[in-house]
Amino acid sequence: MKQLLKNNTILLYAGMLTNVVLGYAVTKFNTAFLSVESFGILNLFINILLFSRVFFSAGVFESSTRLLAVEKDEHRISELFGSTILLALTLGIILSAAVGISSFFIDELLQIKTAFLLRLFWPLSFILLLQNMLQIVLRGMGRIRLLSLYFFAGRLIYLLMLGALWYFDRYGLINVSISYLLSIGLAVLLFSFLPGPSFKQARTHIQTIWREVREYGRHLYAANLFTAFFYHSDKLLLAYFLDARQLGYYALAFTLSVPIPYFSNALSTSAFRGFARETGIPKRKLHINLAYVTVATTLLLVFNRFIVETLFSADFAPARPAFIILTLAFAVNALSVPYTMYFKAQKRGKEIRNITLASQILFLAANVTLIPLLGISGAAWSALLAYGLDCTLYLMAYYRKAVN
C-alpha cells in the first residue's frame, strides 16, 4: 500500500511537472507573439471563466468525489461518475448562458476590455466546468495514473495548437483564446470516457449526490467560492485599478510561482482515500512536504532574475518583485495543502469554509488597500498575508483539535 501511494505520488507529480513545463512553453509563446496588453487581456478572460466555473459548480463535484472515495463497489463507482457528468453538463449550460449575459456589462466594470472575447466564446465556456469536474472526480475514484496524464493533456494540445498558429502566421488574441478552449474540450472528451462511466440509476445517484451537497458540499462550495476569489479576484482588482500592461506583468509572476504547491497537491491527492480513514496526517508526509517546499522556494528565489528576464523577456523585468513575493506566498500555501486535503477527506466542510472565509476577508481588504499603493507588488503581499493566515488557522486553530 505504501509503495502504491509512493508510486502514485511520483506519477501525479510528474504529470503536474510536465504541465508546468508545458505551461512555461505556452507562456513563452504568448509573451513572445502577443503584446503585453494582449497577454493581460487573455489572462483576464481566462480568469473570468475560471471564476465562473467555481461559482456554478454548486459543491457537486467535491460531494461526488467524497462519495466515490468511500465507495467500494466498482459498479456504483461507475454509476456515480456517470451521474456526475450529467450534473456537470446541466450546470455547464447555465454557466455558458451567464457568461454570455455578463458580456453586455462587464466592460463597464473593468478598465481592461474583455467583452468581445466573452461574446465570441460564451457557448464554449462550459468546457471549463467539465475540466474541473474531471480533475476532482478522478481523485475520488483513486484513478491517480489517469489523473497524472489528464493534468497535462490539455496543455499539450494547447501548445501544439499555438505552434500551428505560429507556423501558419495566424497568431493573435482571438485564435489563441479559441485554441485554449478547444484544447481543454478535446482533453475532457477523451478522459471522460476512459474511466468507464455508467448512466444507469442516474436519478437515484443524482439524489444521493444532492443529499451529500446539502450535508457537506454546500460548506465546501462556500469555501471554494472564497478560494476562487483568492486566486482570481486579484486579477479583477488589478484590472480595475491598473492597466493591461501591469496585469501582464502580474500574470507572468503568478504563472511562474503558482506551481510550487503542485508536489504538495500530488502527495495529498494520492493519499486522499487513505485520509478518509485515518485519524491524522502521517508525520512522514508532512516532513517530505516541508523538505520539498524549502528546496523549491530557495531555487526560485536564487534564480528569479534568470527565470524572468532570460527564460522569458527583459520586457517583463518589472514582474520580478511580485514574482519573489508570490514565491513566498505559494510556499506557505504548499505547507497547508495536506491539512486542506485531510479535512476534505474527513468531511470537515464547515472548518474549511470558516478558515477560507477568514483568509479571504484579509485578502480582499489587503488588496483594496495595497494595490493602489504598491501596484502588482501590493497584490502579491496580499496573497502572502492571506496564505499565512490560512496556514496558521489550519495548523493552530483546527487541526490540533481535530486529531486530539
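The values are calculated or read from the model by the stated rules, or taken from the named source; none is laboratory data. Computed from a predicted model, the values in this text were never measured in an experiment. Glycine gets a Cβ as well: all are built from the backbone with ideal geometry, and neighbour counts include every protein chain shown. With ligands, DNA and RNA removed, areas are computed over all heavy atoms of the protein, side chains included. Shrake-Rupley method; radii C 1.70, N 1.55, O 1.52, S 1.80 Å.
Overview of results
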{"item": "Positive-end residue of Thr294, Thr9, Gln346, charge dipole of the chain with Cβ unit charges", "result": "Gln346"}
{"item": "Residue-averaged [θ]222 nm for the chain, counting only DSSP H segments that reach four residues, each worth -39500 (n - 2.57)", "result": "-26500 deg cm²/dmol"}
{"item": "Selection from Ile101, Met133, Phe152 lying farthest towards where the dipole of the range 78-179 points positive, charges on Cβ", "result": "Phe152"}
{"item": "Contour excess over end-to-end distance, with Cα ends at Lys72 and Met396 and 0.36 nm allotted per residue", "result": "113.2 nm"}
{"item": "Full-extension gain in nm, Tyr240 to Ala291, via 0.36 nm per residue minus C-alpha separation", "result": "14.5 nm"}
{"item": "Where labels lie 7 Å past Cα in the beta-carbon direction, separation of Ile178 and Arg305 in nm", "result": "4.4"}
{"item": "Solvent-accessible area of Thr297 with every protein chain in place, 1.4 Å probe, in Å² to the nearest 10", "result": "20"}
{"item": "Length released on extending from Ile93 to Phe199, taking residue separation times 0.36 nm less the Cα-Cα span", "result": "36.2 nm"}
{"item": "Overall Cα dimensions of the range 175-245 - principal axes, largest extent first, Å", "result": "51, 34, 15"}
{"item": "Check: the range 270-316 dipole with +1 on Lys, Arg Cβ and -1 on Asp, Glu Cβ, in debye", "result": "460"}
{"item": "Phi-based couplings in Hz for the range 358-370 (Karplus 6.51, -1.76, 1.60; Gly and Pro marked x)", "result": "4, 5, 5, 4, 5, 4, 5, 4, 5, 4, 4, 7, 8"}
{"item": "Exposure ranking of Lys200, Lys72, Lys235, Lys285 by accessible area [1.4 Å probe, largest first]", "result": "Lys72, Lys200, Lys285, Lys235"}
{"item": "Cross-link reach list, aspartates and glutamates versus Lys200, counting only Cα pairs under 20 Å and skipping chain neighbours closer than eight places", "result": "Glu71, Asp73, Glu74, Glu79, Glu212"}
{"item": "Over the range 154-256, relative contact order from alpha-carbon pairs under 8 Å, at least 6 apart, %", "result": "21"}
{"item": "List Ile41, Ile352, Ile178, Ile10, ordered by accessible area with a 1.4 Å probe, largest first", "result": "Ile10, Ile178, Ile41, Ile352"}
{"item": "Karplus (6.51, -1.76, 1.60) ³J(HN,Hα), θ = phi - 60°, over the range 334-349, in Hz, Gly and Pro reported as x", "result": "4, 5, 8, 4, x, 5, 4, 5, 5, 5, 5, 5, 8, 6, 9, x"}
{"item": "With all protein chains modelled, accessible area of His219 [1.4 Å, Å²]", "result": "10"}
{"item": "Heavy atoms of Arg218 accessible to a 1.4 Å probe, total area in Å² rounded to 10", "result": "130"}
{"item": "Computed over the chain: relative contact order in percent, which uses C-alpha pairs under 8 Å that are six or more apart", "result": "23"}
{"item": "At R0 = 30 Å, FRET efficiency that the Cβ-Cβ distance of Thr279 and Glu215 yields, to 0.05", "result": "0.90"}
{"item": "Total charge dipole magnitude, the chain, about the Cα centre, Cβ charges on Lys, Arg, Asp, Glu only, Debye to nearest 20", "result": "1380"}
{"item": "Dipole moment magnitude, nearest 20 debye, the range 1-155 about Cα centre, only Lys, Arg, Asp, Glu C-beta charged", "result": "520"}
{"item": "Answer label for P(r) over Cα pairs in 10 Å bins from 0, in percent (calculated), chosen among (i) 4, 20, 28, 25, 16, 6, 1, 0; (ii) 5, 22, 34, 28, 10, 1, 0; (iii) 5, 21, 28, 22, 13, 8, 4, 1", "result": "(ii)"}
{"item": "For the range 53-118 and the range 248-320, distance of Cα centres in Å", "result": "26"}
{"item": "Under DSSP loop assignment and at most 10 Cβ neighbours within 10 Å, longest chymotrypsin sites (Phe, Trp or Tyr not before Pro)-free interval of the chain", "result": "169-404"}
{"item": "Inter-label distance for Ala32 and Ile101, nm, one decimal - labels placed 7 Å from Cα along Cα-to-Cβ", "result": "4.3"}
{"item": "Among Phe116, Leu89, Val70 the positive-end extreme of the charge dipole of the range 49-123 (Cβ point charges)", "result": "Phe116"}
